[in-house]
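These notes are about the structure you will find just below.
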Amino acid sequence: MPKPLLLQEVLASVQTQYPPYLAALIEQDIANGRVRQAQGAFDLNLNSGGTMNLAGYYDGKTGYAMLEQPLPFWGGSVYGGYRLSSGFLPNYNKERTGVDGEGVLGFRIPLLRDGTIDRRRASLWQAQIDQELADPIILRQYLDFTRSATLSYYTWLAAGQRLSITEELLRIAKDRDSAIAEQVKKGASAPIVQIDNQRLVVSREIATVQALRRFQASAIELSLFFRTREKAEPIIAERNRVPKAFPPHPRLDESQLTADIAKAAVFRPEIRRIELLVEKVEIDRKLAKNNLLPNLDMGIEAGQFLGGNRPRDIEQNEVEAKIEFKLPLQRRDAKGRIDVADALIERLNNDKRFARDRIAADVRDSYSALLAAYDALKMTRRNVELARQLEAAENERLKQGATDLLALQIREQATFDGQVLEVEAQADYFRAQANYRAAIAADAPINLTRR
(Lines give C-alpha, C1' and ligand atoms only; values in the text may rest on other atoms or scores of the structure.)
Protein backbone atom coordinates (compact mmCIF):
# COMPACT_ATOMS: atom_id res chain seq x y z
CA MET A 1 0.00 0.00 0.00
CA PRO A 2 1.61 3.31 -1.03
CA LYS A 3 2.17 5.91 1.65
CA PRO A 4 -0.13 8.93 1.66
CA LEU A 5 1.24 11.83 -0.34
CA LEU A 6 2.10 14.67 2.04
CA LEU A 7 2.70 18.32 1.22
CA GLN A 8 6.38 18.12 2.24
CA GLU A 9 7.03 15.60 -0.52
CA VAL A 10 5.49 17.90 -3.12
CA LEU A 11 7.45 20.93 -1.90
CA ALA A 12 10.69 18.93 -1.91
CA SER A 13 9.99 18.12 -5.55
CA VAL A 14 9.45 21.81 -6.30
CA GLN A 15 12.82 22.70 -4.77
CA THR A 16 14.77 20.09 -6.72
CA GLN A 17 12.84 19.22 -9.88
CA TYR A 18 10.39 22.00 -10.79
CA PRO A 19 11.61 23.41 -14.15
CA PRO A 20 10.48 27.05 -13.64
CA TYR A 21 12.35 27.16 -10.31
CA LEU A 22 15.46 25.61 -11.84
CA ALA A 23 15.20 28.19 -14.61
CA ALA A 24 14.95 30.95 -11.97
CA LEU A 25 18.16 29.72 -10.35
CA ILE A 26 19.97 30.32 -13.63
CA GLU A 27 19.57 34.02 -12.83
CA GLN A 28 22.52 33.52 -10.47
CA ASP A 29 24.67 32.16 -13.30
CA ILE A 30 23.71 35.13 -15.48
CA ALA A 31 24.66 37.58 -12.72
CA ASN A 32 27.97 35.77 -12.11
CA GLY A 33 28.74 35.95 -15.81
CA ARG A 34 28.06 39.68 -15.85
CA VAL A 35 30.48 40.20 -12.96
CA ARG A 36 33.15 38.27 -14.80
CA GLN A 37 32.39 40.30 -17.91
CA ALA A 38 32.81 43.57 -15.96
CA GLN A 39 36.08 42.31 -14.47
CA GLY A 40 37.36 42.02 -18.04
CA ALA A 41 37.85 45.80 -18.05
CA PHE A 42 40.80 45.18 -15.70
CA ASP A 43 42.41 42.44 -17.80
CA LEU A 44 46.11 42.63 -18.59
CA ASN A 45 46.52 44.06 -22.11
CA LEU A 46 49.24 43.50 -24.68
CA ASN A 47 49.83 46.53 -26.89
CA SER A 48 52.28 46.47 -29.76
CA GLY A 49 52.92 48.59 -32.80
CA GLY A 50 55.46 50.54 -34.78
CA THR A 51 56.17 53.32 -37.24
CA MET A 52 58.21 53.54 -40.45
CA ASN A 53 59.26 56.61 -42.41
CA LEU A 54 58.44 55.82 -46.02
CA ALA A 55 59.77 59.05 -47.53
CA GLY A 56 61.76 62.08 -46.42
CA TYR A 57 65.11 62.85 -44.92
CA TYR A 58 64.80 60.38 -42.01
CA ASP A 59 64.45 56.66 -42.69
CA GLY A 60 64.09 55.41 -39.11
CA LYS A 61 61.79 52.67 -37.88
CA THR A 62 60.44 52.09 -34.37
CA GLY A 63 58.57 49.24 -32.74
CA TYR A 64 57.28 48.53 -29.27
CA ALA A 65 55.54 45.83 -27.22
CA MET A 66 53.91 46.80 -23.93
CA LEU A 67 51.94 45.08 -21.20
CA GLU A 68 49.42 47.35 -19.48
CA GLN A 69 47.56 46.49 -16.28
CA PRO A 70 44.57 48.69 -15.31
CA LEU A 71 44.39 49.17 -11.55
CA PRO A 72 41.16 48.53 -9.60
CA PHE A 73 41.70 51.66 -7.49
CA TRP A 74 41.87 55.35 -8.37
CA GLY A 75 41.48 54.67 -12.09
CA GLY A 76 45.18 54.32 -12.83
CA SER A 77 47.24 51.82 -14.76
CA VAL A 78 50.82 50.59 -14.89
CA TYR A 79 52.62 49.50 -18.01
CA GLY A 80 55.97 48.15 -19.04
CA GLY A 81 57.67 46.68 -22.05
CA TYR A 82 60.32 47.06 -24.70
CA ARG A 83 60.98 49.66 -27.38
CA LEU A 84 63.42 49.46 -30.28
CA SER A 85 64.34 51.84 -33.08
CA SER A 86 66.61 51.49 -36.10
CA GLY A 87 67.79 53.64 -38.94
CA PHE A 88 68.29 57.41 -38.84
CA LEU A 89 65.96 59.35 -36.50
CA PRO A 90 66.25 62.92 -35.25
CA ASN A 91 67.78 63.42 -31.81
CA TYR A 92 64.57 64.93 -30.43
CA ASN A 93 62.54 61.80 -31.26
CA LYS A 94 61.55 60.28 -27.92
CA GLU A 95 61.24 56.82 -29.46
CA ARG A 96 64.89 56.69 -30.52
CA THR A 97 66.84 53.91 -28.81
CA GLY A 98 70.18 52.16 -29.12
CA VAL A 99 70.75 49.06 -31.16
CA ASP A 100 69.68 46.86 -28.23
CA GLY A 101 66.52 48.79 -27.51
CA GLU A 102 65.12 50.22 -24.30
CA GLY A 103 63.13 48.86 -21.37
CA VAL A 104 60.13 50.98 -20.42
CA LEU A 105 58.16 51.17 -17.16
CA GLY A 106 55.52 53.71 -16.24
CA PHE A 107 52.16 54.47 -14.71
CA ARG A 108 49.25 56.81 -15.32
CA ILE A 109 46.86 58.13 -12.70
CA PRO A 110 43.93 60.59 -12.85
CA LEU A 111 44.00 63.26 -10.15
CA LEU A 112 40.44 64.58 -10.52
CA ARG A 113 38.00 63.00 -12.95
CA ASP A 114 37.93 59.17 -12.92
CA GLY A 115 39.81 59.10 -9.63
CA THR A 116 37.29 57.84 -7.09
CA ILE A 117 35.04 56.29 -9.75
CA ASP A 118 35.11 55.63 -13.47
CA ARG A 119 33.03 53.68 -15.97
CA ARG A 120 35.02 50.46 -15.47
CA ARG A 121 34.63 50.40 -11.70
CA ALA A 122 31.02 51.57 -11.89
CA SER A 123 30.15 48.70 -14.24
CA LEU A 124 31.87 46.20 -11.94
CA TRP A 125 30.11 47.50 -8.83
CA GLN A 126 26.74 47.44 -10.55
CA ALA A 127 27.36 43.89 -11.77
CA GLN A 128 28.14 42.88 -8.19
CA ILE A 129 24.86 44.44 -7.09
CA ASP A 130 23.15 42.42 -9.82
CA GLN A 131 24.59 39.34 -8.14
CA GLU A 132 22.77 40.34 -4.97
CA LEU A 133 19.66 41.25 -6.96
CA ALA A 134 19.42 37.66 -8.19
CA ASP A 135 18.48 36.50 -4.69
CA PRO A 136 15.31 38.63 -4.28
CA ILE A 137 14.23 37.71 -7.80
CA ILE A 138 14.70 33.99 -7.12
CA LEU A 139 13.12 34.26 -3.67
CA ARG A 140 10.01 35.96 -5.07
CA GLN A 141 9.57 33.14 -7.56
CA TYR A 142 10.32 30.50 -4.93
CA LEU A 143 7.59 31.86 -2.65
CA ASP A 144 5.14 32.02 -5.55
CA PHE A 145 5.95 28.45 -6.64
CA THR A 146 5.64 27.16 -3.08
CA ARG A 147 2.29 28.88 -2.67
CA SER A 148 1.01 27.55 -6.01
CA ALA A 149 2.17 24.00 -5.21
CA THR A 150 0.47 24.16 -1.80
CA LEU A 151 -2.80 25.39 -3.30
CA SER A 152 -2.67 22.65 -5.94
CA TYR A 153 -1.96 19.99 -3.31
CA TYR A 154 -4.93 20.89 -1.12
CA THR A 155 -7.20 21.15 -4.15
CA TRP A 156 -6.14 17.59 -5.04
CA LEU A 157 -6.66 16.39 -1.47
CA ALA A 158 -10.12 17.97 -1.29
CA ALA A 159 -11.08 16.46 -4.67
CA GLY A 160 -10.01 13.02 -3.46
CA GLN A 161 -12.03 13.26 -0.28
CA ARG A 162 -15.05 14.62 -2.13
CA LEU A 163 -14.87 11.66 -4.51
CA SER A 164 -14.87 9.28 -1.53
CA ILE A 165 -17.94 11.00 -0.02
CA THR A 166 -19.75 10.86 -3.37
CA GLU A 167 -18.98 7.16 -3.75
CA GLU A 168 -20.22 6.46 -0.24
CA LEU A 169 -23.50 8.21 -1.01
CA LEU A 170 -23.86 6.10 -4.16
CA ARG A 171 -23.14 2.92 -2.18
CA ILE A 172 -25.93 3.73 0.26
CA ALA A 173 -28.43 4.14 -2.60
CA LYS A 174 -27.32 0.88 -4.25
CA ASP A 175 -27.52 -1.09 -1.01
CA ARG A 176 -31.00 0.25 -0.38
CA ASP A 177 -32.08 -0.67 -3.92
CA SER A 178 -31.60 -4.37 -3.19
CA ALA A 179 -33.71 -4.12 -0.03
CA ILE A 180 -36.48 -2.19 -1.85
CA ALA A 181 -36.52 -4.75 -4.67
CA GLU A 182 -37.10 -7.49 -2.10
CA GLN A 183 -39.93 -5.49 -0.51
CA VAL A 184 -41.55 -4.95 -3.94
CA LYS A 185 -41.51 -8.70 -4.57
CA LYS A 186 -43.27 -9.29 -1.28
CA GLY A 187 -45.79 -6.55 -2.02
CA ALA A 188 -44.64 -4.48 0.95
CA SER A 189 -43.66 -1.53 -1.27
CA ALA A 190 -45.03 -0.12 -4.49
CA PRO A 191 -42.91 -0.46 -7.68
CA ILE A 192 -42.75 3.32 -7.93
CA VAL A 193 -40.60 3.36 -4.81
CA GLN A 194 -37.99 1.17 -6.52
CA ILE A 195 -38.08 3.33 -9.64
CA ASP A 196 -37.53 6.43 -7.53
CA ASN A 197 -34.54 4.83 -5.82
CA GLN A 198 -33.12 3.70 -9.18
CA ARG A 199 -33.41 7.27 -10.41
CA LEU A 200 -31.50 8.31 -7.31
CA VAL A 201 -28.78 5.74 -8.06
CA VAL A 202 -28.35 7.10 -11.59
CA SER A 203 -28.26 10.66 -10.29
CA ARG A 204 -25.55 9.75 -7.80
CA GLU A 205 -23.60 7.85 -10.45
CA ILE A 206 -23.54 11.03 -12.50
CA ALA A 207 -22.27 12.94 -9.48
CA THR A 208 -19.57 10.28 -8.98
CA VAL A 209 -18.39 10.61 -12.57
CA GLN A 210 -18.19 14.38 -12.14
CA ALA A 211 -16.28 14.02 -8.86
CA LEU A 212 -13.87 11.57 -10.49
CA ARG A 213 -13.23 14.00 -13.33
CA ARG A 214 -12.56 16.78 -10.84
CA PHE A 215 -10.08 14.57 -9.00
CA GLN A 216 -8.31 13.61 -12.21
CA ALA A 217 -8.00 17.25 -13.24
CA SER A 218 -6.53 18.19 -9.85
CA ALA A 219 -4.06 15.28 -10.05
CA ILE A 220 -2.91 16.46 -13.47
CA GLU A 221 -2.48 20.00 -12.16
CA LEU A 222 -0.52 18.71 -9.16
CA SER A 223 1.79 16.72 -11.45
CA LEU A 224 3.30 20.00 -12.67
CA PHE A 225 4.85 20.34 -9.20
CA PHE A 226 5.22 16.67 -8.21
CA ARG A 227 7.94 15.02 -10.29
CA THR A 228 10.29 12.06 -10.40
CA ARG A 229 13.74 12.53 -8.89
CA GLU A 230 15.68 11.04 -11.78
CA LYS A 231 14.21 12.73 -14.86
CA ALA A 232 11.87 15.34 -13.33
CA GLU A 233 8.91 13.84 -15.17
CA PRO A 234 5.38 14.68 -13.91
CA ILE A 235 3.80 12.13 -11.56
CA ILE A 236 0.02 11.67 -11.62
CA ALA A 237 -0.82 11.02 -7.97
CA GLU A 238 -3.20 8.06 -7.68
CA ARG A 239 -6.22 7.83 -5.40
CA ASN A 240 -4.51 5.42 -3.07
CA ARG A 241 -2.11 8.22 -2.11
CA VAL A 242 -4.85 10.59 -0.94
CA PRO A 243 -4.56 11.08 2.87
CA LYS A 244 -7.65 10.10 4.81
CA ALA A 245 -7.77 13.43 6.61
CA PHE A 246 -6.44 16.96 6.41
CA PRO A 247 -3.58 17.97 8.73
CA PRO A 248 -4.38 19.69 12.05
CA HIS A 249 -5.53 23.27 11.67
CA PRO A 250 -4.75 25.45 14.69
CA ARG A 251 -6.17 28.91 15.09
CA LEU A 252 -3.67 31.75 14.81
CA ASP A 253 -2.84 33.79 17.87
CA GLU A 254 -4.25 37.27 17.25
CA SER A 255 -1.26 38.87 19.00
CA GLN A 256 0.98 37.38 16.33
CA LEU A 257 -0.13 39.76 13.59
CA THR A 258 2.11 42.70 14.52
CA ALA A 259 5.20 40.51 14.75
CA ASP A 260 4.39 38.86 11.42
CA ILE A 261 4.05 42.23 9.67
CA ALA A 262 7.51 43.18 10.94
CA LYS A 263 8.84 39.79 9.88
CA ALA A 264 7.38 40.17 6.40
CA ALA A 265 9.02 43.58 5.97
CA VAL A 266 12.38 41.91 6.63
CA PHE A 267 12.02 38.67 4.72
CA ARG A 268 9.84 39.65 1.76
CA PRO A 269 12.11 40.22 -1.25
CA GLU A 270 10.40 43.36 -2.56
CA ILE A 271 12.07 45.76 -0.10
CA ARG A 272 15.55 44.32 -0.60
CA ARG A 273 15.15 44.46 -4.36
CA ILE A 274 14.26 48.16 -4.29
CA GLU A 275 17.16 48.92 -1.92
CA LEU A 276 19.60 47.26 -4.32
CA LEU A 277 18.14 49.15 -7.27
CA VAL A 278 18.69 52.40 -5.33
CA GLU A 279 22.33 51.38 -4.81
CA LYS A 280 22.73 50.83 -8.56
CA VAL A 281 21.28 54.26 -9.36
CA GLU A 282 23.50 55.85 -6.68
CA ILE A 283 26.51 54.51 -8.57
CA ASP A 284 25.17 56.13 -11.76
CA ARG A 285 24.76 59.36 -9.84
CA LYS A 286 28.33 59.24 -8.51
CA LEU A 287 29.63 58.53 -11.99
CA ALA A 288 27.69 61.49 -13.40
CA LYS A 289 29.10 63.76 -10.69
CA ASN A 290 32.55 62.46 -11.55
CA ASN A 291 31.97 63.47 -15.17
CA LEU A 292 31.43 67.08 -14.06
CA LEU A 293 35.08 67.24 -13.01
CA PRO A 294 37.91 68.22 -15.38
CA ASN A 295 40.50 65.70 -16.44
CA LEU A 296 43.82 66.16 -14.72
CA ASP A 297 45.94 63.14 -15.54
CA MET A 298 49.51 62.56 -14.46
CA GLY A 299 51.96 59.92 -15.56
CA ILE A 300 55.58 58.97 -15.04
CA GLU A 301 57.58 56.89 -17.49
CA ALA A 302 61.07 55.51 -16.94
CA GLY A 303 63.30 54.10 -19.66
CA GLN A 304 66.49 52.10 -19.26
CA PHE A 305 69.03 51.82 -22.06
CA LEU A 306 69.94 48.23 -22.89
CA GLY A 307 73.32 47.08 -24.23
CA GLY A 308 76.66 48.87 -24.46
CA ASN A 309 76.47 50.81 -27.71
CA ARG A 310 74.67 53.85 -26.26
CA PRO A 311 74.44 57.12 -28.20
CA ARG A 312 75.99 60.07 -26.37
CA ASP A 313 72.73 62.02 -26.15
CA ILE A 314 70.82 59.14 -24.52
CA GLU A 315 71.19 58.63 -20.78
CA GLN A 316 71.45 55.18 -19.23
CA ASN A 317 68.24 55.89 -17.30
CA GLU A 318 65.67 58.48 -18.28
CA VAL A 319 62.54 59.52 -16.39
CA GLU A 320 59.78 61.57 -17.92
CA ALA A 321 56.77 63.11 -16.14
CA LYS A 322 53.55 63.90 -18.01
CA ILE A 323 50.51 65.95 -17.05
CA GLU A 324 47.39 66.75 -19.04
CA PHE A 325 44.39 68.96 -18.29
CA LYS A 326 41.07 68.80 -20.14
CA LEU A 327 37.80 70.55 -19.27
CA PRO A 328 34.45 70.11 -21.07
CA LEU A 329 32.86 73.55 -20.90
CA GLN A 330 29.14 72.69 -20.92
CA ARG A 331 28.96 69.17 -19.46
CA ARG A 332 25.27 68.79 -20.29
CA ASP A 333 25.55 65.02 -20.53
CA ALA A 334 26.75 64.71 -16.92
CA LYS A 335 24.17 67.19 -15.63
CA GLY A 336 21.38 65.36 -17.43
CA ARG A 337 22.54 62.04 -15.96
CA ILE A 338 22.43 63.53 -12.46
CA ASP A 339 18.87 64.76 -13.04
CA VAL A 340 17.84 61.30 -14.26
CA ALA A 341 19.51 59.58 -11.29
CA ASP A 342 17.88 61.94 -8.77
CA ALA A 343 14.46 61.32 -10.30
CA LEU A 344 14.96 57.55 -10.34
CA ILE A 345 16.04 57.51 -6.69
CA GLU A 346 13.00 59.55 -5.69
CA ARG A 347 10.72 57.19 -7.59
CA LEU A 348 12.34 54.11 -6.03
CA ASN A 349 12.00 55.59 -2.55
CA ASN A 350 8.29 56.12 -3.20
CA ASP A 351 8.07 52.53 -4.45
CA LYS A 352 9.78 51.36 -1.27
CA ARG A 353 7.31 53.21 0.96
CA PHE A 354 4.38 51.78 -0.96
CA ALA A 355 5.92 48.29 -0.93
CA ARG A 356 5.98 48.41 2.88
CA ASP A 357 2.32 49.40 2.91
CA ARG A 358 1.48 46.71 0.35
CA ILE A 359 3.26 44.04 2.40
CA ALA A 360 1.43 45.08 5.57
CA ALA A 361 -1.89 45.02 3.70
CA ASP A 362 -1.11 41.56 2.25
CA VAL A 363 -0.35 40.18 5.70
CA ARG A 364 -3.47 41.70 7.26
CA ASP A 365 -5.70 40.50 4.44
CA SER A 366 -4.35 36.95 4.42
CA TYR A 367 -4.52 36.89 8.24
CA SER A 368 -8.17 37.95 8.11
CA ALA A 369 -8.91 35.31 5.46
CA LEU A 370 -7.26 32.62 7.58
CA LEU A 371 -9.29 33.53 10.67
CA ALA A 372 -12.49 33.55 8.60
CA ALA A 373 -11.63 30.15 7.13
CA TYR A 374 -11.05 28.75 10.62
CA ASP A 375 -14.41 30.03 11.87
CA ALA A 376 -16.20 28.77 8.73
CA LEU A 377 -14.64 25.35 9.24
CA LYS A 378 -15.99 25.11 12.77
CA MET A 379 -19.48 25.97 11.54
CA THR A 380 -19.38 23.44 8.70
CA ARG A 381 -18.44 20.72 11.17
CA ARG A 382 -21.37 21.61 13.36
CA ASN A 383 -23.56 21.59 10.26
CA VAL A 384 -22.43 18.03 9.40
CA GLU A 385 -23.13 16.84 12.95
CA LEU A 386 -26.68 18.19 12.84
CA ALA A 387 -27.31 16.79 9.34
CA ARG A 388 -26.15 13.34 10.43
CA GLN A 389 -28.47 13.42 13.45
CA LEU A 390 -31.41 14.32 11.23
CA GLU A 391 -30.48 11.63 8.70
CA ALA A 392 -30.24 8.98 11.43
CA ALA A 393 -33.59 10.04 12.85
CA GLU A 394 -35.24 9.99 9.41
CA ASN A 395 -33.78 6.56 8.72
CA GLU A 396 -35.24 5.27 11.96
CA ARG A 397 -38.65 6.76 11.12
CA LEU A 398 -38.54 5.04 7.70
CA LYS A 399 -37.94 1.70 9.40
CA GLN A 400 -40.96 2.36 11.60
CA GLY A 401 -43.06 3.34 8.57
CA ALA A 402 -43.58 6.89 9.83
CA THR A 403 -42.06 8.57 6.75
CA ASP A 404 -41.24 7.89 3.11
CA LEU A 405 -38.11 7.43 1.02
CA LEU A 406 -38.22 10.96 -0.37
CA ALA A 407 -37.76 12.49 3.07
CA LEU A 408 -34.78 10.19 3.73
CA GLN A 409 -33.23 11.13 0.38
CA ILE A 410 -33.50 14.78 1.32
CA ARG A 411 -31.75 14.08 4.63
CA GLU A 412 -29.01 12.08 2.91
CA GLN A 413 -28.46 14.86 0.39
CA ALA A 414 -28.25 17.41 3.21
CA THR A 415 -25.61 15.30 4.96
CA PHE A 416 -23.69 14.93 1.71
CA ASP A 417 -23.84 18.67 1.04
CA GLY A 418 -22.63 19.33 4.58
CA GLN A 419 -19.72 16.91 4.19
CA VAL A 420 -18.72 18.50 0.90
CA LEU A 421 -18.87 21.93 2.50
CA GLU A 422 -16.67 20.67 5.32
CA VAL A 423 -14.09 19.31 2.88
CA GLU A 424 -14.08 22.57 0.95
CA ALA A 425 -13.85 24.54 4.20
CA GLN A 426 -10.78 22.53 5.20
CA ALA A 427 -9.24 23.11 1.79
CA ASP A 428 -10.06 26.82 2.06
CA TYR A 429 -8.37 26.95 5.46
CA PHE A 430 -5.13 25.47 4.14
CA ARG A 431 -5.26 27.57 1.00
CA ALA A 432 -5.62 30.64 3.22
CA GLN A 433 -2.73 29.36 5.31
CA ALA A 434 -0.61 29.05 2.15
CA ASN A 435 -1.45 32.64 1.22
CA TYR A 436 -0.56 33.80 4.73
CA ARG A 437 2.76 31.96 4.73
CA ALA A 438 3.59 33.50 1.37
CA ALA A 439 2.64 36.96 2.68
CA ILE A 440 5.07 36.69 5.60
CA ALA A 441 7.71 34.78 3.57
CA ALA A 442 7.57 31.96 6.10
CA ASP A 443 8.96 29.46 3.59
CA ALA A 444 11.94 31.58 2.54
CA PRO A 445 15.04 29.36 2.39
CA ILE A 446 18.12 30.30 4.40
CA ASN A 447 20.16 30.57 1.23
CA LEU A 448 19.48 30.21 -2.47
CA THR A 449 21.90 27.87 -4.16
CA ARG A 450 21.84 25.76 -7.28
CA ARG A 451 20.35 22.40 -6.44
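Looking at Gln198, Gln141, Gln216 in this structure, which one is polar (S, T, N, Q) and either open to solvent by less than 20 Å² (accessible area, probe 1.4 Å) or more than 30 Å from Thr16 (Cα to Cα) (or both)?
On the way: Gln141 fails: either open to solvent by less than 20 Å² (accessible area, probe 1.4 Å) or more than 30 Å from Thr16 (Cα to Cα) (or both); Gln216 fails: either open to solvent by less than 20 Å² (accessible area, probe 1.4 Å) or more than 30 Å from Thr16 (Cα to Cα) (or both).
Residue meeting the stated conditions: Gln198.
Given the criterion modelled with pLDDT of 90 or more and of a type outside the set (Gly, Ala, Ser), identify the matching residue among Ile172, Ile180, Ile192, Ile137.
Just a single option satisfies the conditions, and that option is Ile137.
Given the conditions (1) over 29 Å from Ser148 (Cβ atoms); (2) without any contact (Cβ under 8 Å) to a residue 60 or more places away in the chain; (3) surrounded by 14 or more Cβ atoms within 10 Å (Cβ to Cβ), which single one is not true for Ser223?
(1)
For the list (1) within 20 Å of Ala302 (Cβ to Cβ); (2) modelled with pLDDT under 90; (3) not hydroxyl-bearing (Ser, Thr, Tyr), I need the number of the one condition that Phe73 fails.
Only one criterion in (1) within 20 Å of Ala302 (Cβ to Cβ); (2) modelled with pLDDT under 90; (3) not hydroxyl-bearing (Ser, Thr, Tyr) is unmet by Phe73, namely (1).
Going through the stretch 361-386 one residue at a time, which ones are under 24 Å from the mean Cα position of the chain (by Cα) and crowded, with 17+ Cβ neighbours inside 10 Å?
Once the filter is applied, which keeps residues that are under 24 Å from the mean Cα position of the chain (by Cα) and crowded, with 17+ Cβ neighbours inside 10 Å, the stretch 361-386 yields Asp362, Val363, Ser366, Tyr367.
Can you say whether Phe107 is surrounded by fewer than 20 Cβ atoms within 10 Å (Cβ to Cβ), within 21 Å of Leu44 (Cβ to Cβ) and free of Cβ contacts under 8 Å to residues at least 12 places away in the same chain, as far as the supplied structure shows? It would help to see each step written out before you state the result.
Working: surrounded by fewer than 20 Cβ atoms within 10 Å (Cβ to Cβ): yes; within 21 Å of Leu44 (Cβ to Cβ): yes; free of Cβ contacts under 8 Å to residues at least 12 places away in the same chain: no.
Judged against the criteria, Phe107 is not a match.
Hey, among the residues in the stretch 110-138 that are hydrophobic (A, V, I, L, M, F, W, C), open to solvent by less than 20 Å² (accessible area, probe 1.4 Å) and in contact with an Asp or Glu (Cβ under 7 Å, 6 or more places away or on another chain), which one's nearest to Ala24 (Cα to Cα)?
So, considering only residues that are hydrophobic (A, V, I, L, M, F, W, C), open to solvent by less than 20 Å² (accessible area, probe 1.4 Å) and in contact with an Asp or Glu (Cβ under 7 Å, 6 or more places away or on another chain), the one nearest to Ala24 (Cα to Cα) is Ile138.
Only one residue in Tyr429, Tyr436 is hydroxyl-bearing (Ser, Thr, Tyr) and touching an Asp or Glu at 6+ places or on another chain (Cβ under 9 Å), so which one is that?
Going through Tyr429, Tyr436 in turn, the sole match is Tyr436.
From the list Gln426, Gln409, Gln389, pick out the single residue that is within 30 Å of Gln194 (Cα to Cα), open to solvent by less than 30 Å² (accessible area, probe 1.4 Å) and not small (Gly, Ala, Ser).
Gln409
What number of residues within the stretch 207-251 are of a type in the set (D, E, K, R), within 22 Å of Asp428 (Cβ to Cβ) and in contact with a strand residue (DSSP E or B) (Cβ under 9 Å, 6 or more places away or on another chain)?
0
Could you check the stretch 83-97 and list, in sequence order, the residues that are touching a Leu at 6+ places or on another chain (Cβ under 8 Å) and over 13 Å from Thr51 (Cα atoms)?
Of everything in the stretch 83-97, just one residue is touching a Leu at 6+ places or on another chain (Cβ under 8 Å) and over 13 Å from Thr51 (Cα atoms), namely Thr97.
Quick grid of which residues meet (1) closer than 15 Å to Glu9 by Cβ; (2) in contact with a helix residue (DSSP H, G or I) (Cβ under 9 Å, 6 or more places away or on another chain):
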| residue | (1), (2) |
| --- | --- |
| Ser148 | no, yes |
| Ser152 | yes, yes |
| Ala158 | no, yes |
| Ile206 | no, no |
| Glu238 | yes, yes |
| Pro247 | yes, yes |
| Arg251 | no, yes |
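State all residues of the stretch 76-93 that are more than 14 Å from Ile300 (Cα to Cα) and either open to solvent by 40 Å² or more (accessible area, probe 1.4 Å) or in a helix (DSSP H, G or I) (or both); if no residue qualifies, say none.
First pass over the stretch 76-93, keeping only residues more than 14 Å from Ile300 (Cα to Cα): 81-93.
Matches in the stretch 76-93: Tyr82, Leu84, Ser86, Gly87, Phe88, Asn91, Tyr92, Asn93.
Using the structure shown, decide if Asp333 is open to solvent by 80 Å² or more (accessible area, probe 1.4 Å) and either at pLDDT below 90 or not in a helix (DSSP H, G or I) (or both).
Here the answer is yes, as Asp333 does meet what is asked.
Looking only at residues that are farther than 18 Å from Pro136 by Cβ and without any contact (Cβ under 8 Å) to a residue 40 or more places away in the chain in the stretch 348-360, which one is surrounded by the fewest Cβ atoms within 10 Å (Cβ to Cβ)?
So the residue we want is Asp357.
For the stretch 62-69, state whether one or more residues are open to solvent by 70 Å² or more (accessible area, probe 1.4 Å) and more than 36 Å from the chain's Cα centre (by Cα).
Scanning the stretch 62-69 turns up at least one residue that is open to solvent by 70 Å² or more (accessible area, probe 1.4 Å) and more than 36 Å from the chain's Cα centre (by Cα).
Considering only the stretch 279-287, I want to know if a residue exists there that is over 30 Å from Ala127 (Cα atoms), in contact (Cβ under 8 Å) with a residue 60 or more places away in the chain and open to solvent by 80 Å² or more (accessible area, probe 1.4 Å).
No, the conditions are met nowhere in the stretch 279-287.
Quick one: which residue in Glu167, Glu132 is touching a Ser or Thr at 6+ places or on another chain (Cβ under 7 Å), modelled with pLDDT under 95 and either assigned to a helix (DSSP H, G or I) or under 30 Å from Ala65 (Cα atoms) (or both)? Write out each step before concluding.
Details: Glu132 fails: touching a Ser or Thr at 6+ places or on another chain (Cβ under 7 Å).
It is Glu167.
Can you find a residue that is in contact with a Pro (Cβ under 6 Å, 6 or more places away or on another chain), assigned to a loop (DSSP other than H, G, I, E, B), open to solvent by less than 90 Å² (accessible area, probe 1.4 Å) and not acidic (Asp, Glu) anywhere in the stretch 226-239?
No - not one qualifying residue is present in the stretch 226-239.
For the stretch 156-195, enumerate the residues that are closer than 30 Å to Leu224 by Cβ, open to solvent by 50 Å² or more (accessible area, probe 1.4 Å) and small (Gly, Ala, Ser).
Hit for the stretch 156-195 is Ser164, nothing else.
The values are calculated or read from the model by the stated rules, or taken from the named source; none is laboratory data. Everything quoted here is computed from the prediction, not taken from an experiment. Don't worry about glycine lacking a Cβ; one is built from the backbone with ideal geometry, like all the others, and counts go over all protein chains shown. Areas reflect the complete protein model, heavy atoms only, side chains present, ligands, DNA and RNA absent. Shrake-Rupley method; radii C 1.70, N 1.55, O 1.52, S 1.80 Å.
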